[in-house]
Amino acid sequence: MEHITLAAIIDQTLLKPEATRSDIAKFIEKSAPYGFATLCLPPCHVKEAFRMLKGSQAKISTVTGFPLGFQSEGIKLLEAKKAVDDGAAEVDMVMNISLFRSGEYGAVADEISGVVHALPDTVVKVIIETGFLTDDEKIKALEASVSAGAQYVKTSTGFNPGKATVHDVLLLTKAAAGRIKIKASGGIRGLEDALRMIEAGAGRLGTSAGADIIEELTARAGM
């Protein structure tokens, strides 16, 4: 796999709560030239990041309902709309895990659908937090995301128990049957991790180690 191709399916991520504006600026300066699918940043930094990236090909993604997902009805939609107004091209939203595990699948799907249909030009990825779910629940969460019209199901925030696993990516890929894409996120630290997720069926990767992964691939190609 060429480094350009791999970079194009990575959301290079900086969501650490302690990251300062200076850290965000350095991250953008370092990451923008790689050709990542997006640079994933906290909502409060999207507007400035968009200004910094003006004239470049780099796109911004952000998060909503992050990282626990249990905001009151409508709050994630407001947060997502503001982020898109500020310049985000993609939104990764945490589904309401509490309602989902209470069996309120319709309410969960309705919330996702509200964001998807209010932002028709925005890629929406639904974080289902596989670490909290049984395999049966993972498939139900995928079905809710499909019915809501989301473009991706994402495994994890990386802030809660569990991380992306080959098992989960295979499970979700099989259940998706081409109806929705899979984003593997959480614990992807090196090239081998990335390649395993892609082989299992992931169409997008979320990682804070994207630059290191690309450098590792480049070094391997030069051997």
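The values are calculated or read from the model by the stated rules, or taken from the named source; none is laboratory data. Note that the coordinates shown come from a computational prediction; the quantities given were computed from them, not determined experimentally. Here the Cβ is made from the backbone with ideal geometry for all residues, glycine too, and neighbour counts use every protein chain on show.
Tell me, please, whether a residue that is among the small types (Gly, Ala, Ser) and within 17 Å of the chain's Cα centre (by Cα) can be found in segment 59-67.
Yes, segment 59-67 contains a residue that is among the small types (Gly, Ala, Ser) and within 17 Å of the chain's Cα centre (by Cα).
Taking segment 96-130, which residues are in contact with a helix residue (DSSP H, G or I) (Cβ under 9 Å, 6 or more places away or on another chain) and among the small types (Gly, Ala, Ser)?
Within segment 96-130, Gly106, Ala107, Ala109, Ser113, Gly114, Ala118 qualify.
I need the full set of residues from segment 43-89 which are surrounded by fewer than 23 Cβ atoms within 10 Å (Cβ to Cβ), touching a residue at least 60 places away in the same chain (Cβ under 8 Å) and of a type outside the set (A, V, I, L, M), in order please.
Those that are surrounded by fewer than 23 Cβ atoms within 10 Å (Cβ to Cβ), touching a residue at least 60 places away in the same chain (Cβ under 8 Å) and of a type outside the set (A, V, I, L, M): Phe66, Pro67.
Please go through segment 132-162 and pick out each residue that is without any contact (Cβ under 8 Å) to a residue 40 or more places away in the chain and hydrophobic (A, V, I, L, M, F, W, C).
Of everything in segment 132-162, those that are without any contact (Cβ under 8 Å) to a residue 40 or more places away in the chain and hydrophobic (A, V, I, L, M, F, W, C) turn out to be Phe132, Leu133, Ile139, Leu142, Val146, Ala148, Ala150, Val153.
Name the residues in segment 89-105 that are over 15 Å from the mean Cα position of the chain (by Cα) and outside any helix (DSSP H, G or I), would you?
Asn96, Ser102, Gly103, Glu104, listed by residue number.
Could you tell me which residue of segment 90-105 is surrounded by the most Cβ atoms within 10 Å (Cβ to Cβ), considering only residues that are in contact with a strand residue (DSSP E or B) (Cβ under 6 Å, 6 or more places away or on another chain) and not β-branched (Val, Ile, Thr)?
In this case the residue turns out to be Asp92.
Is it true that Gly178 is surrounded by fewer than 19 Cβ atoms within 10 Å (Cβ to Cβ) and either basic (Lys, Arg) or on the phi < 0 side of the Ramachandran plot (or both)?
no
Which residues, counting only those in segment 197-217, are under 27 Å from Lys174 (Cα atoms), in a helix (DSSP H, G or I) and touching a residue at least 40 places away in the same chain (Cβ under 8 Å)?
Of everything in segment 197-217, those that are under 27 Å from Lys174 (Cα atoms), in a helix (DSSP H, G or I) and touching a residue at least 40 places away in the same chain (Cβ under 8 Å) turn out to be Ile198, Gly210, Ile213.
Could you list, in sequence order, all residues of segment 1-43 that are within 17 Å of the chain's Cα centre (by Cα), more than 19 Å from Phe159 (Cβ to Cβ) and assigned to a helix (DSSP H, G or I)?
Within segment 1-43, Leu6, Ala7, Ser31 qualify.
Would you pick out the residues in segment 14-26 that are under 22 Å from Met93 (Cα atoms) and touching a Leu at 6+ places or on another chain (Cβ under 8 Å)?
Leu14, Leu15, Ile24
Do we have Ala118 as surrounded by fewer than 20 Cβ atoms within 10 Å (Cβ to Cβ) and either over 19 Å from Thr62 (Cβ atoms) or touching a Cys at 6+ places or on another chain (Cβ under 7 Å) (or both) here?
So Ala118 does not fit the description; no.
Out of Val124, Val108, I need the residue that is surrounded by 18 or more Cβ atoms within 10 Å (Cβ to Cβ), outside any helix (DSSP H, G or I) and within 19 Å of the chain's Cα centre (by Cα). Which one?
After ruling out the rest, the residue left standing is Val124.
Does segment 1-37 hold any residues that are of a type in the set (Ser, Thr, Tyr), under 19 Å from Ala194 (Cα atoms) and at pLDDT 95 or above, and which are they?
Thr13, Ser31, Tyr34 - these are the residues of segment 1-37 that are of a type in the set (Ser, Thr, Tyr), under 19 Å from Ala194 (Cα atoms) and at pLDDT 95 or above.
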